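Quick notes on the structure that follows.
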Amino acid sequence: MLDIYRYGDEVLREPTRDVTKFDDALAMLVDAMFDTMIEADGVGLAGPQVGVSSRLFVVDTRREGERIAFINPDIVETSDDSVPYEEGCLSIPGVYHDVMRPSRIVVRAQDVDGRHFTLEADGLLARVIQHEYDHLEGRLFVDRLDDEEKAKVVAQYEKRSRGKRKHR
Ligand code: NI
């Protein structure tokens, strides 16, 4: 299992680089990310969350065909609407809040072998992809709330994690 970095850890805010080598090390990292995500009962996990400043994330909504690794993803289309959905994050465990995002997207990415693919997604899958994509830009779901909401959610998280936080 990989360590999951938490709110306040710098790596979550650092710029990410494109993946250029589609080798065994990448395949092993992606496998470990899937395992870590499932173990933590999450539906998505991005490189920066495991201390890897690379443009990749994994998603598993537990629905058929929705266990997918996205390498060097690009969201190339978004629908014009903006819909609420309650989000949480393995890097800010225990707190949840509605976030507004487009309901439908088109994403282009590469798989672990470097093959390009294009995917149109809606519902939970579209939501998770957008949330994970934000991680590659150093952005967390709380950053999408207004200042007051964000302060409330962060305070909730800090209260909850006080004393529980492991030291590295
Ligand atoms: Ni997250």
- Net charge near residue 13, counting Lys/Arg +1 and Asp/Glu -1 over other residues with Cβ under 11 Å of its Cβ? -4
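Check each of the GluC sites (Glu not before Pro) in segment 33-121 and keep only those in coil by DSSP with at most 11 other C-beta atoms within 10 angstrom; list them in order. Could the numbers behind the result be given before it?
Working: sites: 39, 64, 66, 77, 86, 87, 120; in loops: 64, 66.
Taking segment 33-121 and a limit of 11 other Cβ atoms within 10 Å, the loop GluC sites (Glu not before Pro) found are 64.
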- Message: Only sites in a loop by DSSP and with at most 16 other Cβ atoms within 10 Å count here; which chymotrypsin sites (Phe, Trp or Tyr not before Pro) in segment 63-168 make the cut?
- Response: 96
- Hey, in the GNM for the chain with a 10 angstrom Cα cutoff, which one of 23, 143, 122 fluctuates hardest? 23
- Query: Per the Debye formula with a single identical scatterer at each Cα and no solvent contribution, what log10 I(q)/I(0) holds for segment 10-161 at q = 0.09, 0.15 Å⁻¹?
  - Reply: -0.27, -0.76
- Sketch the reach of a paramagnetic label on residue 77 as a point 7 Å from Cα along Cα-to-Cβ, and name the residues of segment 121-157 whose backbone nitrogen lies under 16 Å away. 121-123, 126
- With a Förster distance of 22 angstrom and the Cβ-Cβ distance between residue 22 and residue 137, calculated FRET efficiency to the nearest 0.05 equals 0.45
- Find, among the trypsin sites (Lys or Arg not before Pro) in segment 67-159, those assigned to loop by DSSP (not H, G, I, E, B) with at most 14 other beta-carbon atoms within 10 angstrom. 115, 139
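Size of the dipole of the chain about the Cα centre, Lys and Arg at +1 and Asp and Glu at -1 on the beta carbon, nothing else charged, in debye to 20?
Around 680 debye, computed over the chain.
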- Query: What whole number of Å gives the distance from the Cα centroid of segment 106-140 to the Cα centroid of segment 1-53?
  - Reply: 14 Å
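Each value in this text was obtained by applying a stated rule to the coordinates, not by laboratory testing. Being a predicted model, the structure only gives us computed values, none of them experimental. Note that we place each Cβ from the backbone using ideal geometry, even for glycine, and neighbour counts take in every protein chain shown.
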